[in-house]
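Reading through the structure tokens given below for one structure.
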Amino acid sequence: MPQSMRISLTLQILAAAAVLGCAVVHLLTVEGIDPAVGPVIYGISTLGGAGTLSLALVLSALRGTSGSRRARRTTTFLLALTPLLLFFGAELLIAVLPAVAAVVPLWARSSSAYVRSTADPARPDLGRLMDSPPSGTRVPWANSVPGNPHQPGI
């Protein structure tokens, strides 16, 4: 893995940790909670939301820097959505900055070369399949069953 991918991975994990840290700081400094909600439910929902977002960021970071084209695009999309966190509070700028900064090394030249070199083995090489001669039917009598109007080899 190139250095640019490692930098992006580190920044994304830092952003995930910052989301959790901001949630804990928010719970420690909150002045008033609606009595209809209660402090326990408020704390559970705040930590649950932050934990879910952090988990999504970490898993996306691990998969996005693994060399998959689709995962890198998905990670970029998720990182591009992180500025929406600023609607929850200005203190989340600590999490948004490393997340947005992680996009740059994720799409650096060395990262793109790494992704091109690690093509998905599950995805067939379409050029090779298109250039291969037709193999025909492997079992010539496969169509010769009673009631089939097609003759073998057609």
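Which one of ALA102, ALA71, LEU92 is farthest out on the positive end of the charge dipole of region 3-125, using unit charges on Cβ (Lys, Arg +1; Asp, Glu -1) and the Cα centre as origin?
Final value for the positive-end residue is ALA71.
Which value in nm describes the separation of the simple spin-label points at ARG6 and VAL100, placed 7 Å from the Cα toward the beta carbon?
For ARG6 paired with VAL100, the spin-label model returns 2.7 nm.
Quick check on region 26-81: what are the equivalent-ellipsoid semi-axes from the Cα gyration tensor, as sqrt(5λ), descending, whole Å?
Numbers: eigenvalues 231, 17, 14 Å².
Semi-axis lengths for region 26-81 are 34, 9, 8 Å.
Leaving out ligands, DNA and RNA but keeping every protein chain, what accessible area does LEU55 have, in Å² rounded to the nearest 10, with a 1.4 Å probe?
100
Return the Rg/Rh value of region 1-96, two decimal places, where both radii are evaluated on C-alpha atoms and Rh is the Kirkwood radius.
Reported Rg/Rh, Kirkwood definition of Rh: 1.06.
At 0.36 nm per residue, minus the direct Cα-Cα distance, what do VAL24 and TYR42 gain on full extension? Give it in nm, one decimal, please.
That works out to 5.3 nm of additional length.
Counting alpha carbon pairs within less than 8 Å and at least 6 residues apart, what relative contact order, in whole percent, applies to region 1-120? The partial results should precede the final answer.
Working: 126 pairs, mean separation 51.4, N = 120.
Rounded, it is 43 percent for region 1-120.
Over the Cα atoms of region 74-113, Rg to Rh with Kirkwood Rh, two decimal places? Provide the component values of the computation, followed by the final result.
Working: Rg = 11.5 Å, Rh = 10.7 Å.
Ratio of gyration radius to Kirkwood radius for region 74-113: 1.08.
The values are calculated or read from the model by the stated rules, or taken from the named source; none is laboratory data. On a predicted model such as this, the values are computed, not experimentally measured, just so you know. As a convention, Cβ positions derive from the backbone with ideal geometry for all residues, glycine included, and neighbour counts pool all protein chains shown. What goes into the accessible areas is simple: the full protein's heavy atoms, side chains included, and nothing from ligands, DNA or RNA. Shrake-Rupley method; radii C 1.70, N 1.55, O 1.52, S 1.80 Å.
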